[in-house]
Amino acid sequence: MSDLLSDHTTLRLGGPAARLLTHTDPAAWPDLAHTVIDEPTAPFVLGGGSNTLADDTGYPGTVIRMATCGITARPLDGSAVDVTAQAGEPLSALVAFAVSENLSGIEYLAGIPGTVGAAPVQNTGAYGQQISDILTRLTVYDWTRRQVATFHPAGCSFGYRTSIFKAHPGRWTILQIVLRLTRSMCAAPVTYQHLAHALGIPLGARPPLAEAAQGVLADRCQRGLALPGDGPDARQAGSVFLNPPITTAQADVVRAAGGAVRHDDHGVLRASAGWLLQMVGHHPGSRLAPGVSCSTLRTLTLTAHDGATAASFNTVLRSLARDVFNATGIWLHPEPIRLTAA
Ligand SMILES: Cc1cc2nc3c(=O)[nH]c(=O)nc-3n(C[C@H](O)[C@H](O)[C@H](O)COP(=O)(O)OP(=O)(O)OC[C@H]3O[C@@H](n4cnc5c(N)ncnc54)[C@H](O)[C@@H]3O)c2cc1C
């Protein structure tokens, strides 16, 4: 297994890790933790690398690739079912499992790359669903207390694309999660107009589970929200900026200029980061620096090409954020997490 971080991140950027360990057997966690716990640099845990920007110089400590597998279901009273998934399972495998078992709650997360264990970190979500909505508990390893612990959602400080795990990088490693799903042939109500349109149903209707997941996958492919295996958009980490929170006065200005404004799942008013990038002159396919462009389908997704480095990618992010701030007074914050020694 290569220790080059570029081989383990979807942007395919990043130098070597001093040591790269792959964690596959849940029962072997205590031994693995024991081997790295006293190292001077805290270990960095990597899932699918689809939300990570790794430094060109690599990482001076141990990187643990989370690759544990396993999904089990436990029916409760009524229609509720608790589904336990190991952190290294691909999120797409968990969604496929739920859909095939007629379990509703995560069907709109279809097509999001990455692992189950990373999903609570940024409270991964799409099309009105987010992982925190159906999480009941997480098993984590606490690197400070050197012990396994259980978290319940109330203790996770979940917000829009954030959590206690994102706020305290390196403190906890998520080992497994338990979701409470609902036995049903129908998906949750569709809350996105373009998805309702693509499915040919009214907003608020509940399509069959498999149709909802298929509709999301098709919509993602069409709008540049899927990760292609090859081609000009293959090297990417999805959206590079979070939709920024804005004041009502800023929202009026954005709306008057034709921009999109939406309340997030936590009731905070946000502008579309993609629209703000377009406001400052960018569009799908824009070339931003040698080796860095907007994806061919979507301004908010930046793609890496021959000649790209993590440093140049970062410079582009900083300069885009500055341009948007100078034009609108709104700050954009990067969404991908930096894998860096600093
Ligand atoms: C095409 C594309 C579309 C995307 N669409 C969406 C979307 O719709 N919504 C969305 O929210 N995101 C989206 N993303 C971003 C990304 O896929 C998600 O955030 C995903 O949950 C990241 O999973 P990962 O395993 O790849 O994380 P990684 O990039 O491996 O890690 C991300 C962060 O989580 C930490 N981490 C990983 N595993 C663990 C663990 N077990 N314990 C503790 N910390 C851990 C890492 O240290 C790092 O800080 C998209 C990305 C791409 C490329």
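The values are calculated or read from the model by the stated rules, or taken from the named source; none is laboratory data. None of these values were measured; they are calculated from a predicted model. Cβ atoms come from the backbone with ideal geometry, glycine included; neighbour counts cover every protein chain shown. Heavy atoms of the whole protein, side chains included, go into the accessibility calculation; ligands, DNA and RNA do not. Shrake-Rupley method; radii C 1.70, N 1.55, O 1.52, S 1.80 Å.
Would you check which residues across region 98-112 are more than 16 Å from the ligand (Cβ to nearest atom) and of a type in the set (D, E, K, R) and list them?
Within region 98-112, 101 is the sole residue that qualifies.
Can you name the residue in region 328-342 that is among the hydrophobic types (A, V, I, L, M, F, W, C) and at pLDDT below 95 and, of all such residues, is most open to solvent (accessible area, probe 1.4 Å)?
In the first step, residues of region 328-342 are kept if they are among the hydrophobic types (A, V, I, L, M, F, W, C); the result is 330-332, 337, 339, 341-342.
Then drop every residue that is not at pLDDT below 95, which leaves 341-342.
Numbers: 341: 65, 342: 121 Å².
Once the filter is applied, the top-ranked residue is 342.
Would you say residue 90 is over 20 Å from residue 189 (Cβ atoms) and crowded, with 24+ Cβ neighbours inside 10 Å?
Numbers: over 20 Å from residue 189 (Cβ atoms): yes; crowded, with 24+ Cβ neighbours inside 10 Å: no.
Judged against the criteria, residue 90 is not a match.
Do we have residue 49 as assigned to a loop (DSSP other than H, G, I, E, B) and within 20 Å of the chain's Cα centre (by Cα) here?
Judged against the criteria, residue 49 is a match.
Could you tell me which residue of region 45-92 is farthest from the ligand (Cβ to nearest atom), considering only residues that are farther than 18 Å from residue 118 by Cβ and acidic (Asp, Glu)?
So the residue we want is 77.
In the list 95, 140, which residue meets the criterion of being crowded, with 17+ Cβ neighbours inside 10 Å, in the same structural domain as residue 190 (by TED's automatic domain parsing), touching a residue at least 24 places away in the same chain (Cβ under 8 Å) and more than 10 Å from the ligand (Cβ to nearest atom)? Working first, answer last.
Working: 140 fails: more than 10 Å from the ligand (Cβ to nearest atom).
Checking each option against the conditions leaves just 95.
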